[in-house]
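Novice: Dropping the structure in here first, questions after.
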Amino acid sequence: MSKKSPSRDNFEINKDDMSSVHIAVVAAKWNSNITDNLIKGAQFVLKNSGIPEKNIDIYRVPGAFELPFACQKLTNVQKLPSYNGIIALGCVIRGETPHFDYICQETTRGLGEVVLRANIPVGYGLLTTDDLAQAEQRSHIEINSALGQSNKGQDAADAVLEMIHTFS
């Protein structure tokens, strides 16, 4: 298990360049005890990268399956700010039926389609875990990497920022 994301190891944000960047964070309400922490992790990275809080918009959707639709809508609506990137956050925990597999696969496929159609980066922050403990391990606010803890909201924000920087 990686202790730090590759983007945090190899990438530095020039905070002077980030004041005009607009980011949408789209998070599922389902498993909100986990997704709320993912949002906090993403916000932490974005704010510390120099993006003003007023340029970070949070949208909540019912569940993971709705993430691709919401992300796609945010790339097409003219009255909203033009987003430089979108961060999709959710948590699907395996149950006793194949529902987990269908939701995870279709959500991932849908987010991939949004990236290719919209031509803007979408950070993938969808946790697909076998149990609640795995989800909690990946959504810590105060991270202790020695214990294998992380926050995939932070990782998704890092990825979006690196893509914005690389391809702007």
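Novice: When you scan region 89-103, do you find a residue that is basic (Lys, Arg) and not in a loop (DSSP other than H, G, I, E, B), even just one?
Specialist: Within region 89-103, not a single residue is basic (Lys, Arg) and not in a loop (DSSP other than H, G, I, E, B).
Novice: Kindly indicate whether ASN33 is in contact with a His (Cβ under 8 Å, 6 or more places away or on another chain) and closer than 13 Å to SER139 by Cα.
Specialist: So ASN33 does not fit the description; no.
Novice: Only one of (1) out of contact with any Ser or Thr (no Cβ under 9 Å at 6 or more places or on another chain); (2) at pLDDT 95 or above; (3) aliphatic (A, V, I, L, M) is not met by LEU38, so which one is it?
Specialist: Among (1) out of contact with any Ser or Thr (no Cβ under 9 Å at 6 or more places or on another chain); (2) at pLDDT 95 or above; (3) aliphatic (A, V, I, L, M), LEU38 violates only (1).
Novice: While we're on this one: Considering only region 112-135, how many residues are surrounded by 15 or more Cβ atoms within 10 Å (Cβ to Cβ) and within 18 Å of GLY41 (Cβ to Cβ)?
Specialist: Final tally of qualifying residues: 11.
The values are calculated or read from the model by the stated rules, or taken from the named source; none is laboratory data. Here the structure is a predicted model, which is why all the values come from computation and not from measurement. No Cβ is skipped: glycine too gets one built from the backbone with ideal geometry, and neighbour counts run over all protein chains shown.
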